[in-house]
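Engineer: Please read through the structure below; I'll follow up with questions.
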Amino acid sequence: MDHREVAAVLTYAGRLDPRLIRTDPGEADNQLDTWHELLGVVPMATGQGWDVREIVRKRIVMSPYPILPADVAREWQAHRRERLARHTDPTPAADPDNPEAWRAELLAARDAVAAGQTAPSAHRGITAGRHRPGLKDQLASVGSYIPPAVRAELAPFRPARSAREAAIAAGGPDVLGVPCEWCHAAEGEPCRRRRITLDGTARGNAPRATAHPGRIDRALAAQAQASAA
C-alpha cells in the first residue's frame, strides 16, 4: 500500500475505534509514516480472500487494545504462509536445461500465489469411491490383460480358476461368485477339501479344482434369480 491507501486504512480504523484518531498534524504524520513502514508491502485487497478492512474490523472486535500496524502485518504473513502451504509448484514451461529460467519461473509462480494474484495450485489427490461412468465398458473394450495363449499355458497351474472361466464361457453359473457352506470358502475363493475324522472334526485345506455340489446349486439359483430380474 502507498501512503494514500494507508491513510484510507487509518481513516477507516479511526471511524471504528476513535482512539486511533490523531488531531495534531505532527502526530498524524508520524502515525501515517509508522503504518506505512510496516504495511508498505501489504496489499489493500486481493482477489484471493484478502481485504485489509476485514482484518482491521476483526482485530478491533476481538481485542480491547488499539490496533497496531504490526497486527495487520502479522495477519498478512499468516495469510501468505497459508496460501503457500496449499500450493504445489507446477512444472515450469521453461527449458529444463536452463536452470536459471526454470528457477525464475518457479519463484515467479510462488510470488504470484503469495501476493494473492493467482490461486494456489493444489495436488491432484488420489480419490476413492465409485469408478467413473463407462469405465467397465472401456475396460471390456480393451480386453483381457492375459493373452489367450498365456492363459492356456497357465490353466494346469490354476485348475479352479480355469474351470470357473470355462463354465462362465459355456454359459454356466459363476460357482465362485457365492460362498460355499460346506467348506466355508469365501466368495471368489476355491473350495477346499475337507475330511471328517472319527471324532467329527473337519481336517484338510487343499484347494479343489471343482466346487462342492452345494455351492454349484447355490450358483445356479443365483444365476436363475439374476436372469429373472
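Engineer: Dipole magnitude of the chain about its Cα centre, charges +1 at Lys/Arg Cβ and -1 at Asp/Glu Cβ only, in debye to the nearest 20?
Structural biologist: With only Lys, Arg, Asp and Glu charged at Cβ, the dipole is about 1800 debye.
Engineer: Calculated from the structure, Rg/Rh (Cα atoms, Kirkwood Rh) equals which of [x] 0.94; [y] 1.40; [z] 1.06?
Structural biologist: Here the calculated entry is [y].
Engineer: How many Å² of accessible area per residue for the chain, probe 1.4 Å?
Structural biologist: Here the per-residue accessible area is 70 Å².
Engineer: Here is a follow-up. Provide 62, 44, 1 ordered by accessible surface of protein heavy atoms (probe 1.4 Å), highest first.
Structural biologist: Greatest to least solvent exposure: 62, 44, 1.
Engineer: Separate question: Any idea of residue 182's accessible area? Nearest 10 Å², probe 1.4 Å.
Structural biologist: For residue 182, the solvent-accessible surface is approximately 120 Å².
Engineer: Another question, if that's okay. Considering the options 64, 6, 190, tell which one lies farthest towards the positive end of the dipole of the chain, charges being +1 on Lys and Arg and -1 on Asp and Glu at the Cβ, about the Cα centre.
Structural biologist: 190
Engineer: Moving on. Putting +1 on Lys and Arg Cβ atoms and -1 on Asp and Glu Cβ atoms, find which of 42, 177, 116 reaches farthest to the positive end of the dipole of the chain.
Structural biologist: Positive-most Cα among the choices belongs to 177.
The values are calculated or read from the model by the stated rules, or taken from the named source; none is laboratory data. Computed from a prediction, not measured in an experiment: that's the story for all the values here. Note: ideal-geometry Cβ built from the backbone for every residue, glycine included; neighbour counts use all protein chains shown. Ligands, DNA and RNA are excluded from the accessible area calculation, which covers all protein heavy atoms including side chains. Shrake-Rupley method; radii C 1.70, N 1.55, O 1.52, S 1.80 Å.
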